[in-house]
Amino acid sequence: RKIKVEKAAELLCVFLFVVKAFEMEIIPAERIVAQIGDTLILTCNTTGCASPSFSWRTQMDSPLGGKVSNHRTYSTLTMNPVSIVNSHSYLCTVICDERGKKEKSVKVELYSFPSDPIIEISSSLVAGESATVSCKIPDVYPSDHLEVLIKKDEHVLHKEYFLEDDSTNTETKIVTYTFHLMAEDAGKEITCVARLPIADMDFEPKERTSSQKLNANFGPQNTVITASPSNSPMEGDSLNLTCVTQSNPPALIVWSKYLAEESIQHLIKNNVLSIPHVHFNDSGLYICEVINLVTNKTEKATVDVIIQGAPVITKLSIEPSTTVQEGENVSIQCSAESNPPPMIILRRKSDNADIEPYSARSILFPSVMFQNGGDYECVAENKFGNSKSEITLNVKYGPKNTIITVFPTAALKEGETVTMKCTSSGNPAPVISWKKKKATGESEKIYKNATITIQNLKSQDLGLYECEAYNQFGKEEKAVKLYVQARLEEPDQMIPLIIAFSSVAAVAVPAVAILIYVSRQAKINGSYSLVKALRLKV
């Protein structure tokens, strides 16, 4: 039993040695300097206590002027923003159940010097007249320590102190001074120096300054415009217009240009108007307007710019479109600009590259035909040179001039080969297809190509063949009728002939004159007949 008591005593000693002592601290400690309007946080920390209890108060039992937030081992007092009511000594009390209580305090000292002075100088600063300077120091505390100096360059014009001021809150202090403005004061600096020297308070800055230059205002006057290289440059060259004036303060310069109907186009606010590559539409009257916002005076200067050069075609168009349908109303227009004014000719280029002139500037087709399609050229010319531009008129139309041609042109025999070719013009190019009439009278599409070839002719190949040419704007049909005469059994019988009958004319006679005649008749009527050709021969 004695041994157990000794061991318990040893354990108790070890436990007491390990447990930390009950302590507390305030951060910041003892004294803090804070600026009115900022945020200040006081923190009360404790160690050696599992469940501390915190409380805050001022030594004069005034309102805290802040928000308390308790945590397990610490408590905070937040002042946001710091105000004049926070100028106190704050006491933090910590109670630890069986370990007693502890207290510590911190003193909060306040000041306010938040921004640089604001200088205001009388609006009328004309040499030979009086000028008034106003120096405003916002939200100062304590103001009885404030010192204000007004200087012109390094020369002190005025000093002012506020030793008798007993303000208990922030105040804005204003110091004014009037002096005689001289011409040599132009460009000198007026400086306002504000100081808040409080010896036992550690804060920065304790001195703030603001400066403003003095000006003797005049103008604008003697405003002129210079053009480089000249006010009549060549098209494509650079042009610089410089506006020079005498004014203090420097005048606001606004460039503008007169447009049609006396309207004005505002350009830039700069003394130099630069155009890297001038065009004909840059010609015109340019105005430089200078404005002195202080003296409230305005002056203007003008220059007439004339751009010279060879013509530039500004428009070459086809209305309603470069692609039209036959029969539409079509207008081709050409315009150009230059100085001196250009001579303009709009003309059509023929297929052999010769030029066919039209009226100048415009061509009108009240009902355009497919023959009017092609390339059109606009030519503009003056003493400095010429300019050309081309445009293509594309006229869409349905199939025309559809022709069927049968080869060979000589008399045909059973077993030989016959070729029929169908041609047609149109835009877009017509699609060619072939149909054959059945015995029932119905048509059967048999081929979709311009040329159809029948080899080893037989009697069943007889019939009416129709060629159809079509596109999105219409179709045209032509027909040819083939007759195949069967071969006789006996040698003395007539040798069979293959006769192709067209709907109008025929071809296949040995005589060249008849071939030419029949061919012409076939082209006129759109088809031919071998039977009629043989009759002509007889």
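The values are calculated or read from the model by the stated rules, or taken from the named source; none is laboratory data. Please read all numbers here as calculations on a predicted model, not as lab measurements. FYI the Cβ positions are ideal-geometry reconstructions off the backbone, even for glycines, and counts take in every protein chain you see. SASA here: full protein model, heavy atoms, side chains in, ligands and nucleic acids out. Shrake-Rupley method; radii C 1.70, N 1.55, O 1.52, S 1.80 Å.
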Check your understanding: Would the range 265-274 turn up any residue that is closer than 30 Å to residue 310 by Cβ and of a type in the set (Lys, Arg)?
Key -> no
Review point. Considering only residues of the range 95-107 that are buried (at least 17 other Cβ atoms within 10 Å of the Cβ) and in contact with a Phe, Trp or Tyr (Cβ under 6 Å, 6 or more places away or on another chain), which is farthest from residue 173 (Cα to Cα)?
Key: 96
Practice item. Out of the residues in the range 19-43 that are assigned to a strand (DSSP E or B) and over 60 Å from the mean Cα position of the chain (by Cα), state the one that is nearest to residue 201 (Cα to Cα). Key: 31
Practice item. Could you list all residues from the range 349-383 that are in a loop (DSSP other than H, G, I, E, B), at pLDDT below 85 and loosely packed, with under 12 Cβ neighbours inside 10 Å? Key: 350, 351, 352, 353, 354, 359
Review point. Does residue 423 fit the bill of being farther than 30 Å from residue 323 by Cα, out of contact with any Lys or Arg (no Cβ under 7 Å at 6 or more places or on another chain), in a strand (DSSP E or B) and in contact (Cβ under 8 Å) with a residue 24 or more places away in the chain?
Key: no
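Inside the range 460-476, can you point out the residues that are at pLDDT 90 or above, under 14 Å from residue 448 (Cα atoms) and not hydrophobic (A, V, I, L, M, F, W, C)?
466, 468, 470, 471
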Practice item. Return the only residue of 401, 386 being open to solvent by 50 Å² or more (accessible area, probe 1.4 Å), closer than 21 Å to residue 347 by Cα and part of a strand (DSSP E or B). Key: 386
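For the range 318-337, what are the residues that are modelled with pLDDT of 90 or more and closer than 30 Å to residue 238 by Cα?
Within the range 318-337, 334, 335, 336 meet the criteria.
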Check your understanding: Are there any pairs with C-beta distances below 7 angstrom linking a residue in the range 47-71 that is closer than 20 Å to residue 97 by Cβ to a residue that is of a type outside the set (S, T, N, Q) and loosely packed, with under 14 Cβ neighbours inside 10 Å, with the two at least 6 apart or on different chains, and if so which?
Key -> 47/20; 47/23; 48/20; 48/21; 48/23; 51/97
Check your understanding: If you go through the range 329-349 one residue at a time, how many are touching a residue at least 40 places away in the same chain (Cβ under 8 Å) and among the hydrophobic types (A, V, I, L, M, F, W, C)?
Key -> 4
Practice item. Answer yes or no: is there a residue in the range 147-154 that is within 56 Å of the chain's Cα centre (by Cα), of a type in the set (Lys, Arg) and over 22 Å from residue 112 (Cβ atoms). Key: yes
Check your understanding: In the range 190-208, is there at least one residue being within 46 Å of the chain's Cα centre (by Cα) and open to solvent by 60 Å² or more (accessible area, probe 1.4 Å)?
Key -> no
**Study point:** residue 140 being under 12 Å from residue 113 (Cα atoms) and among the β-branched types (Val, Ile, Thr)
**Key:** yes
Check your understanding: Is the range 108-122 home to any residue that is touching a Phe, Trp or Tyr at 6+ places or on another chain (Cβ under 7 Å), small (Gly, Ala, Ser) and in a strand (DSSP E or B)?
Key -> yes
Point to revise | Tally, over the range 122-173, of residues that are surrounded by 15 or more Cβ atoms within 10 Å (Cβ to Cβ), in contact (Cβ under 8 Å) with a residue 40 or more places away in the chain and farther than 21 Å from residue 186 by Cβ | key: 11
Review point. Restricting attention to the range 273-290, does a residue exist that is open to solvent by less than 40 Å² (accessible area, probe 1.4 Å) and acidic (Asp, Glu)?
Key: yes
